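Structure, as structure tokens:
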Amino acid sequence: MTLRIGEIEYANIQPFFDKLDRDQLRSQGFQLKTDVPSSINQKLSEGSVDVAGISSFSYAQNAHDYSVLPDLSVSSKGEVRSLFLFSKVPIEQLEEKKIALTASSATTVHLLKIILIAFYGVHVQYQTMKPNLQEMLATNDAALLIGDDAIRAVRTASDLYVYDLGEQWYKHTGLPMTYALFAVRNDVLTSNSNDLERVYHAFVNSREVSKSNNYMDLSNRFTLKQGGTIDFWQSYFQNLWYHFNEENKRGLLYYYKLAYEYGFLSKSIHSISVWSKVHS
Ligand SMILES: C=C(O[C@@H]1C=C(C(=O)O)C=C[C@H]1O)C(=O)O
């Protein structure tokens with residue numbers, strides 16, 4: 001059996017996928033399934049994919065069953081430019097107001113909840129909705145969007161208060177934040193580590209080639225798909241950090257600590273289990 005790979009369809013994680021040789025992977029029996037983060041999270045946890053880029057929050061929920069692939073993440077130190085709270089009032093005035101949360105996220109919905117309670121002392125009501133800014137704001141005071149939905153929506157949001165959640169996290173903690181990690185189910189580690197190694201190196205190679213051409217191919221692709229300028233997309237990708245280094249790990253463990261303290265995680269997470277059988 002070869003591996004089923006989960007691919008998040010948003011731009012932010014595409015440096016790991018853009019340069020995959022998909023025809024070769026398919027001819028070797030690998031399958032790729034593409035979806036929004038919350039669905040990929042679910043597919044990995046129910047076992048309908050074997051390895052995937054997933055929400056970092058979902059890793060914490062399944063830490064016992066997952067290992068993380070070394071040095072791969074989607075992180076930022078400060079602004080992200082694709083995780084926005086759109087609000088009709090300033091963030092400090094959201095007490096007892098209603099916020100719509102995109103159904104496609106796991107990490108960022110809890111990041112928002114932490115930011116509002118821990119850093120602003122604001123208590124609100126949440127409702128999960130499809131990611132459509134107009135519909136969300138028709139019945140709510142603010143709305144959270146992530147990924148390409150957020151990038152498109154921010155172009156039309158001139159009459160709203162817009163908060164970048166990476167920037168908010170950094171402002172209040174001085175730490176980077178990691179939104180996505182690559183995880184594999186532990187049963188696959190024992191049954192299929194050779195294929196895992198192959199796909200791991202393909203992810204690393206895609207990241208390196210994407211970076212070495214300054215994200216030009218990706219930027220062309222997303223300009224055609226989502227609009228915006230090549231310059232916007234290049235600087236978007238250059239601003240994100242695709243290595244899960246010690247500093248990113250510290251930031252993520254602090255997020256897990258707060259998520260546990262505020263009751264969003266049922267178990268506290270003090271360490272991240274990294275798959276170590278990689279040969280370079
Ligand atoms: C940076 C982003 O990070 C994404 C946010 C996720 C989440 O909130 O669960 C999951 C995967 C990440 O790729 C984004 O969507 O813009």
Inset, instruction - Restrict the check to segment 145-161 and report whether at least one residue is of a type in the set (A, V, I, L, M, F, W, C), assigned to a strand (DSSP E or B) and not assigned by TED's automatic domain parsing to the domain that holds residue 99. - result: no
Inset, instruction - Restricting attention to segment 36-55, report how many residues are assigned to a strand (DSSP E or B) and away from the ligand (no atom under 12 Å from the Cβ). - result: 1
Inset, instruction - Filter segment 134-152 down to the residues that are among the aliphatic types (A, V, I, L, M) and crowded, with 22+ Cβ neighbours inside 10 Å, then identify the one that is nearest to the ligand (Cβ to nearest atom). - result: 146
Legend entry - Among the candidates 81, 22, 26, residue that is touching a Gly at 6+ places or on another chain (Cβ under 9 Å) and among the charged types (D, E, K, R): 81
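Listed residues 194, 186; which is open to solvent by 10 Å² or more (accessible area, probe 1.4 Å), more than 16 Å from the ligand (Cβ to nearest atom) and in contact (Cβ under 8 Å) with a residue 24 or more places away in the chain?
Details: 194 fails: in contact (Cβ under 8 Å) with a residue 24 or more places away in the chain.
One residue alone meets the criteria, 186.
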Inset, instruction - Take residue 84 and decide whether it is open to solvent by 10 Å² or more (accessible area, probe 1.4 Å), part of a strand (DSSP E or B) and either among the aromatic types (Phe, Trp, Tyr) or out of contact with any strand residue (DSSP E or B) (no Cβ under 6 Å at 6 or more places or on another chain) (or both). - result: yes
Inset, instruction - Test residue 258 against the criterion of being hydrophobic (A, V, I, L, M, F, W, C), more than 26 Å from residue 44 (Cβ to Cβ) and either modelled with pLDDT under 95 or in a helix (DSSP H, G or I) (or both), and give yes or no. - result: no
Legend entry - Qualifying position, being without any contact (Cβ under 8 Å) to a residue 60 or more places away in the chain and either aromatic (Phe, Trp, Tyr) or over 24 Å from residue 82 (Cβ atoms) (or both), among 277, 257: 257
Legend entry - Among residues of segment 59-77, those that are out of contact with any strand residue (DSSP E or B) (no Cβ under 8 Å at 6 or more places or on another chain) and either within 7 Å of the ligand (Cβ to nearest atom) or part of a loop (DSSP other than H, G, I, E, B) (or both), counted: 2
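Give the residues of segment 1-18 that are in a loop (DSSP other than H, G, I, E, B) and either of a type in the set (Gly, Ala, Ser) or surrounded by fewer than 19 Cβ atoms within 10 Å (Cβ to Cβ) (or both), sorted by residue number. Step through it out loud before you land on a result.
Pass one, segment 1-18, residues in a loop (DSSP other than H, G, I, E, B): 1-3, 9-10, 17-18.
Those that are in a loop (DSSP other than H, G, I, E, B) and either of a type in the set (Gly, Ala, Ser) or surrounded by fewer than 19 Cβ atoms within 10 Å (Cβ to Cβ) (or both): 1, 2, 9, 18.
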Inset, instruction - Taking residue 119 as meeting all but one of (1) in a helix (DSSP H, G or I); (2) buried (at least 24 other Cβ atoms within 10 Å of the Cβ), write down the number of the exception. - result: (2)
Inset, instruction - Note down all Cβ pairs under 7 Å where the first residue falls in segment 53-65 and is more than 16 Å from residue 270 (Cβ to Cβ), the second is more than 14 Å from the ligand (Cβ to nearest atom), and they're at least six residues apart or on different chains. - result: 65/185; 65/186
Legend entry - Set 137, 116, 111, 133: member being over 30 Å from residue 25 (Cβ atoms), assigned by TED's automatic domain parsing to the domain that holds residue 168 and under 17 Å from the mean Cα position of the chain (by Cα): 111
Inset, instruction - Among the residues of segment 29-46, write down those that are polar (S, T, N, Q), open to solvent by 30 Å² or more (accessible area, probe 1.4 Å) and under 15 Å from residue 61 (Cα atoms). - result: 38, 39, 42, 45
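The values are calculated or read from the model by the stated rules, or taken from the named source; none is laboratory data. Worth saying up front: this structure is predicted, and the values here are computed from it rather than measured. Using ideal geometry, Cβ is built from the backbone for each residue, glycine included, and neighbour counts are taken over all protein chains shown. The accessibility values were calculated without ligands, DNA or RNA, using every heavy atom of the protein model including side chains. Shrake-Rupley method; radii C 1.70, N 1.55, O 1.52, S 1.80 Å.
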